[in-house]
1. Which condition number does ASN222 fail, the rest of (1) of a type outside the set (A, V, I, L, M, F, W, C); (2) within 16 Å of ligand 2 (Cβ to nearest atom); (3) at pLDDT 95 or above; (4) in contact with a helix residue (DSSP H, G or I) (Cβ under 6 Å, 6 or more places away or on another chain) being met?
2. Here is a list: SER325, SER311, SER320, SER280. Which entry is within 16 Å of ligand 2 (Cβ to nearest atom), assigned by TED's automatic domain parsing to the domain that holds ILE215 and either of a type in the set (Gly, Ala, Ser) or over 22 Å from VAL20 (Cα atoms) (or both)?
3. In contact with a Leu (Cβ under 8 Å, 6 or more places away or on another chain), buried (at least 17 other Cβ atoms within 10 Å of the Cβ), of a type in the set (Gly, Ala, Ser) and modelled with pLDDT under 95: which single residue out of GLY112, GLY180 fits that description?
4. Could you list, in sequence order, all residues of the range 50-97 that are loosely packed, with under 15 Cβ neighbours inside 10 Å and touching a residue at least 60 places away in the same chain (Cβ under 8 Å)?
5. Got at least one residue in the range 230-237 being within 25 Å of LYS171 (Cα to Cα) and either open to solvent by 60 Å² or more (accessible area, probe 1.4 Å) or not assigned by TED's automatic domain parsing to the domain that holds ALA319 (or both)?
6. Given the condition under 23 Å from ASN174 (Cβ atoms) and in contact with a helix residue (DSSP H, G or I) (Cβ under 7 Å, 6 or more places away or on another chain), answer yes or no: does some residue in the range 317-330 qualify?
7. Which strands (runs of 3 or more DSSP E) does the range 198-307 wholly contain that include 2 or more residues that are more than 28 Å from GLY321 (Cβ to Cβ)?
8. Provide a single number: the residues in the range 125-179 that are touching a residue at least 60 places away in the same chain (Cβ under 8 Å) and either more than 15 Å from ligand 1 (Cβ to nearest atom) or more than 14 Å from ALA208 (Cβ to Cβ) (or both).
Amino acid sequence: MVARRTLGILFGGRSAEHEVSVQSAASIWRAVDRSKYEVVPIAISKAGKWTAGMSPLAVLEVGAVVPEPEQAQDPACALAGVDIAFPVLHGPYGEDGTIQGMLEILDIPYVGAGVLASSLCLDKAMAKLVFAQCGFPQGPFLTFHRNYCRQQPAAVLRAVEDQLGFPCFVKPANMGSSVGISKVHIPDRLPQALELAADYDSKIVIEAFIDGREIECSVLGNEQPMASVPGEILPDAEFYDYQAKYVSDSQVLIPAPLTPQQVANVQQLAIDVFTAAGCSGLARVDFFLRNSDGQLLLNEVNTMPGFTRISAYPKLWEASGLAYSQLVDELVVLALERYAERR
Ligand SMILES: Nc1ncnc2c1ncn2[C@@H]1O[C@H](COP(=O)(O)OP(=O)(O)O)[C@@H](O)[C@H]1O
Ligand SMILES: [Mg+2]
């Protein structure tokens with residue numbers, strides 16, 4: 001009999017998406033094939049304190065948040081004995097290359113994108129610049145440092161009026177789950193939207209409003225990635241904000257009602273973007289399908305998308321013929337493959 005390998009599930013974390021991570025980790029926890037893997041949970045509190053041995057189910061029993069431990073563990077100690085890591089962490093300090101870099105240093109194979117792809121995709125400003133360079137279709141955007149927004153508000157307003165118009169979207173470069181994002185309808189509201197975004201990051205992205213449908217596609221693989229059937233988000237709000245994502249009744253249509261040609265375009269662009277960003281394992285690539293002309297526009301790449309049983313990423317795979325537990329299994333295999341390849 002082959003010895004079972006130890007799979008460490010890292011969850012919680014310091015980002016605003018802590019609660020989402022706990023939910024995702026609980027779903028993964030239940031789905032791992034125990035005949036193949038021994039599972040070790042590693043809980044990370046909002047303050048960034050690590051505790052090995054507290055399962056996501058135990059965390060859910062006491063609330064949705066990892067309790068602050070009285071005595072924190074050293075991260076390297078918490079990871080001792082872990083053969084493969086599954087960092088089910090969203091946003092800063094989880095999806096941004098920092099944990100990935102630590103796992104590289106500790107020489108532990110891990111699920112998902114590596115250091116550069118993670119940090120690139122979490123930084124909307126850098127990602128947009130790189131994707132523009134690749135020639136991928138995107139809506140008009142501007143990026144600013146928050147200091148510039150504070151010191152030159154009139155210049156920022158002029159640039160927005162000249163190049164984007166209203167409504168526009170103001171976003172911190174490095175968040176997720178719509179945290180810190182505002183839809184700004186009139187110039188008067190721009191300063192407060194910029195201040196909100198500046199609370200979360202020093203870099204701010206402003207985008208022209210795209211009147212279109214929201215389409216998502218799940219990608220799985222390493223150097224030969226596959227794309228799932230696309231889905232369509234029907235936000236139960238003016239846009240897909242935090243509330244609409246996790247609290248109210250937003251729907252995802254799976255599969256998205258698209259023509260075969262549109263499906264092929266979405267899948268091809270999703271794979272091209274995944275490859276250009278240097279992703280591995282998984283990513284959900286999000287698009288807009290503009291109403292006026294049917295143009296497909298790239299919105300963003302999530303290298304660790306929500307992963308509960310009802311999240312779009314696994315749901316899209318389910319509709320493509322890959323069940324949740326098989327997906328989890330495949331991700332671990334891909335992590336080991338990538339690790340072996342890099343050695
Ligand atoms: N330029 C835009 N035009 C129209 N809607 C947008 C635009 N940018 C963002 N949105 C809306 O805001 C939501 C969140 O924005 P997104 O860039 O995906 O950030 P996050 O990383 O937080 O998911 C999108 O799902 C969409 O509903
Ligand atoms: Mg998004």
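The values are calculated or read from the model by the stated rules, or taken from the named source; none is laboratory data. Given the structure is predicted, the values throughout are model-derived calculations rather than measurements. Here the Cβ is made from the backbone with ideal geometry for all residues, glycine too, and neighbour counts use every protein chain on show. In case anyone asks, the SASA skips ligands and DNA or RNA and just uses the protein heavy atoms, side chains included. Shrake-Rupley method; radii C 1.70, N 1.55, O 1.52, S 1.80 Å.
1. (2)
2. SER311
3. Going through GLY112, GLY180 in turn, the sole match is GLY180.
4. Of everything in the range 50-97, just one residue is loosely packed, with under 15 Cβ neighbours inside 10 Å and touching a residue at least 60 places away in the same chain (Cβ under 8 Å), namely GLY81.
5. yes
6. Initially, the range 317-330 is screened for residues under 23 Å from ASN174 (Cβ atoms), giving none.
No, there is no match, as no residue in the range 317-330 is under 23 Å from ASN174 (Cβ atoms) and in contact with a helix residue (DSSP H, G or I) (Cβ under 7 Å, 6 or more places away or on another chain).
7. By residue number, 203-208.
8. 13
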